[in-house]
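What follows is one structure encoded as structure tokens, with my remarks underneath.
The values are calculated or read from the model by the stated rules, or taken from the named source; none is laboratory data. Quantities reported herein were computed from a predicted structural model and do not represent experimental measurements. Virtual Cβ from ideal backbone geometry, glycine too; neighbours counted across all protein chains shown.
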Ligand code: FES
Ligand code: FES
């Protein structure tokens, strides 16, 4: 069974006919060519596929595309500014050395964006708690938490 849906992805409007079994991550990656959302566990646990759906961090591997008809979606590709200028949270991850292989990084950055949008000045415990929703197999979490602290300190992370 198919459905036609409308998605606003990184401020661009798309009308897409999807199979009702099709996941959002596959629409983003295979239909729209947005490969930033990664597939790790493919069962809603690791957060590598995190995107923002109407501002909420969402596991796109576990979200049927038709369920988000009409939604505003932000992927990692939507963050960089003109001529590839890094978003402040991306910059903070770079400064803190908060990545190694980078596989988890798009999801981590979008998770951090969602925290800072809700709470622009979280303390370290709040950051640790929020960022614990996603898994990184490389860096440990110290540098990731450092990065979110840097972004919060600049006040530009939102
Ligand atoms: S790939 Fe979606 S949560 Fe792991
Ligand atoms: S940087 Fe490799 S999984 Fe996080």
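The table for this structure:
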{"read-out": "Matching residues in segment 87-111 - criterion: being within 16 Å of ligand 1 (Cβ to nearest atom), under 11 Å from residue 144 (Cα atoms) and free of Cβ contacts under 8 Å to residues at least 60 places away in the same chain", "value": "105, 109"}
{"read-out": "Condition met for residue 142 (in contact (Cβ under 8 Å) with a residue 60 or more places away in the chain, more than 15 Å from ligand 1 (Cβ to nearest atom) and not assigned by TED's automatic domain parsing to the domain that holds residue 47)", "value": "no"}
{"read-out": "Members of segment 145-158 found to be under 17 Å from the mean Cα position of the chain (by Cα) and without any contact (Cβ under 8 Å) to a residue 24 or more places away in the chain, listed by number", "value": "145"}
{"read-out": "When residues of segment 14-32 are limited to those that are over 21 Å from the mean Cα position of the chain (by Cα) and not in a strand (DSSP E or B), the one farthest from ligand 1 (Cβ to nearest atom)", "value": "20"}
{"read-out": "Given (1) touching a residue at least 12 places away in the same chain (Cβ under 8 Å); (2) under 30 Å from residue 152 (Cβ atoms), index of the condition residue 80 fails", "value": "(1)"}
